[in-house]
1. When a/c reaches 1.5 or more, the comparison of a/b and b/c decides; with that in mind, is region B:4-213 rounded, prolate or oblate per its Cα gyration tensor?
2. Can you give the % of DSSP beta bridges in chain A that are antiparallel, to the nearest 5?
3. What is chain A by shape, rounded, prolate or oblate, if you read a ≥ b ≥ c off the alpha carbon gyration tensor as root eigenvalues and call it rounded for a/c under 1.5, prolate for a/b larger than b/c, and oblate otherwise?
4. Relative contact order, percent, of chain A when contacts are C-alpha pairs under 8 Å separated by at least 6 residues?
5. Using the Cα centre of region B:4-213 as the reference point, and only Cβ charges (+1 on K/R, -1 on D/E), how large is the resulting charge dipole? Debye, rounded to the nearest 20.
6. Across peptide A:403-413, what mean number of C-beta atoms from other chains lies inside 10 Å of a residue's C-beta?
7. Can you show me the helix-derived [θ] at 222 nm for the protein assembly as shown, built from DSSP H runs with n ≥ 4 at -39,500 (n - 2.57) apiece and divided by the number of residues, rounded to the nearest 500.
8. If you take every DSSP beta bridge fully contained in region A:6-164, what fraction is antiparallel? Give it as a percent rounded to 5.
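Nothing in this text is a laboratory measurement; each read-out follows from the coordinates by a stated rule. As the structure is a prediction and not an experimental result, all values here were calculated from the model. Reconstructed Cβ throughout: ideal geometry from the backbone, glycine too, with neighbour counts over all protein chains shown.
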Amino acid sequence: MMTENLKKYRLTSEEYELAKKSLGRELKDIEWPLFSALWSEHCSYKSSKNHLKKFSFRNSMTPDMDGENAGIIDLGYGEKIAFKMESHNHPSFIEPVQGAATGVGGILRDIFTMGARPIALANYLCFGEKSAPRMNDLMSGVVRGISMYGNCVGVPTVTGQTNFNSKYNQNILVNAMAVGYFSEDMPLALSKAKGLGNYVVYVGAKTGRDGVGGASMASASFDNDTESKKPNVQIGDPFFEKLLIEACLEVLKLNLVVAMQDMGAAGLTSSSFEMSANGEVGFTLDLKSVPLRDATMTPEEILLSESQERMLLVCEPKNYEKIKSVFSKWNLDATILGQIHNSKNIQLKWGDEILTEIDPNVIVKNAPRYDRPFEKWVNENKVEKNIEPLKKINKKYQKENLNWIYNQYDQRVCARTAQACESPIAFVQLDQTKRGLAIAVGCRPEIMKMDAQIGALDAVYYPAFQMALQGAKILAVTDCLNFGNPQKNKIMSEFVASVEAIAKASLELNAPVISGNVSFYNETLTENIISTPATGMVGIRDSVEDLIPTHFTSAYESVLCVTYSWVQSYVYVTEKENQVAQFNLDVSANVPQFIELCQLMDQKIKKQDVSISAIRSCGLGGIELTTQKMSKDLIIFEKAVELNSDYLLKDQFYQFLLTTTDVVGVTDFLNEHFKNLKNKNQLFKIEVVGQTIEAKI
Amino acid sequence: MSKKIGIVRFLGTNCDADVMKWVLGSGQQAEYLWYQDQFNIENFDQIIIPGGFSYGDYLRCGAMAARSPVMKSVSEFSKKGKPILGICNGFQILCEAGLLPGALIKNESLKFKDEWAELIVAEEKSFFGKQMKKKQTLKLPIAHGDGRYYNTGDGLKKLQDQDQIWLKYQKNPNGSLLDIAGITSESGNVFALMPHPERAVFQWMGSSDGVYFL
């Protein structure tokens, strides 16, 4: 019986002993699922929490929101932003459409449960080779899921990144990010339950059997049998989510709510236990009152269901009827499940029968912590090997058109979008001050594969650099740390190196990591994914009206390349050819300073009327692929005759291209602007690499 | 003189706030109209039915919204010959309500499509005729999964004979018959289009051609 329970509820025998010790007695039947869910890696962060403390840096714009659903940035002038990124890898691999859709739904709820109106979505996707089993279905399914959900709730998907690598053949990554906006008159909602006698109210969709045990499923590695895990995947209904957004924001605006928390992973269990633990008050919870889709559900299933589009809120009894009428206007239920009482315990009831009474702190705050073994990082993968220079650029180095993905996302609903998926980063206009909010995601698996530390630094630097080129200053970071099995020393070492690198870069750029998520066990039959610490970030620019385009705008202009050599690599080439890459790192480079100068450059260009008509960072595949991406309306790139193909394909971090009709004037301007970098070392370089021409049809 | 515009909201409408912003920004007055309520048609000079996913597109796009109480007033409003503009889901709802002929079915690609579309004004109709001249080209964004205009052979002929084809795509994005992007009613007071003029109000949005629609 005991062994069976340990297996069924995915607890180790040590964890079981800890649970027993915390309670001071044997576990009751109903308590097994509670410990299973809340002590899962997914909910408890037991392997990562000790390292996540390294993200504690905050600045004057980022209040400490510890324990809340998302991080907050105070933009001044009454405007605030909430944002977060979260993984939905395991469900998306099992059932791509619903897995991805509910990933979007879940991250949106994390945002509006705080009182913010969701204004933008972004995503970070990693797929395997197209020839891998199920991969085409997984790709089209994930895109359909994201598109179906985001479009219907009316939140634009404004940017994203899609990677392909054989290391994701058996474990794809689906990370969704949501950004929410507070205007002056929108109150911030917290998850701390308080107030003796206040009601605990269930709102939103009814509870069904979908997603039962999802949190613990997501905390295990995959075997061959993903089919049998399908009932663990939740089913999403974006129409319900839209109604829930409107109803929740309405009751918050009317000041009818004391605390609010969405039901995410581990559903009613985690939301109620967190509200109770955060507020340090206990309450009763009658599971029999929970609105059900299937009346035969057991208390255990009700506790663990991950049915979507549900929230728990606490209100004063006098406001309940008003809340109920707002929700009923939006066709939603609002049902009282219990009341805050004198003790700190949560009392789970089934009608009049008391199932158990338990102090949430025993579970939430006494959750196990693991110091998994890891090694101090050494740059082991930097193999230097000369690669035969390429004589010609052939077809395989041509940019892959991913418009079939982005064209399925509604990018302009909300009428705030100034720049979306056609560019490397997005800009939306803020309602009150009309400033531009820049949104980007980052992390290049090809670089992570070479070196986790450099890859993780780059995951912050590179999107910040892309923002800077268009004049936006990075404000804060969220991350979604996708890793393999943390019980393996190599994986844990990469995890720690990544966390430390992201923390370092965020401190250097004065952009705190204010929210995030860890997804371990991205492992199938001992094959681990590339460690992938995906990042999301927001930045700010004074307006969206004078953004320099990221595409060529006219023919017969010179294309200038500005390089600040931090790392040189042949990553893109080798990814296709499976060769060992050349990877050179210059430790004397001051990347944060370069990024800051790029951001200041945008203001100077405007003020001094410098003639620059397009600007864009060079990504993997160097100048060659970047100029392909910049081509638009039949205006294409023609390389300078003296440059060879090898040079054009080499990746230099960091490098950007710009177009101008005034090479001399712009070169002088750049030399002057970057003079501090230039004097220090030889890393800085400006050169003409070609011109724009009209394509022959 | 500033007009008073009624903006209809159903459960699942998601371009209501965008349309409100657009209308107020142009100096007109506006008020939301809730789907469960009928309204006094004398109080409004024009009605706009914005886009979105009313009722989550359950049953058929627009089918349930077309049968809600507010549409009784919209229908009366139409009978008086007063102007009604439907955008995206609003177009689908007007077809389902029988205020416009034909239907909007799934895009030929079977996929949702978001992109910029070049349109051509096919007819100068009375209401928008002042702003939009025949053969004028416009750039507006589309974002829909069910935007393929469909009608029977006779129905299409009637549309052509009565100059009811209002806007056409220069490059057909969804397989709609005769490249139709927007049509008007026989009476000439009900207008609808799949593209979103409220998302093209300023140059920074990518186009400001939406101004012709207010």
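1. Rounded, since a/c falls under 1.5.
2. The antiparallel fraction comes to roughly 85 percent.
3. Prolate, since a/c reaches 1.5 and a/b exceeds b/c.
4. That works out to 15 percent.
5. 200 debye
6. Mean partner-chain Cβ count within 10 Å for A:403-413: 6.
7. -8500 deg cm²/dmol
8. In region A:6-164, DSSP labels about 40 percent of beta bridges as antiparallel.
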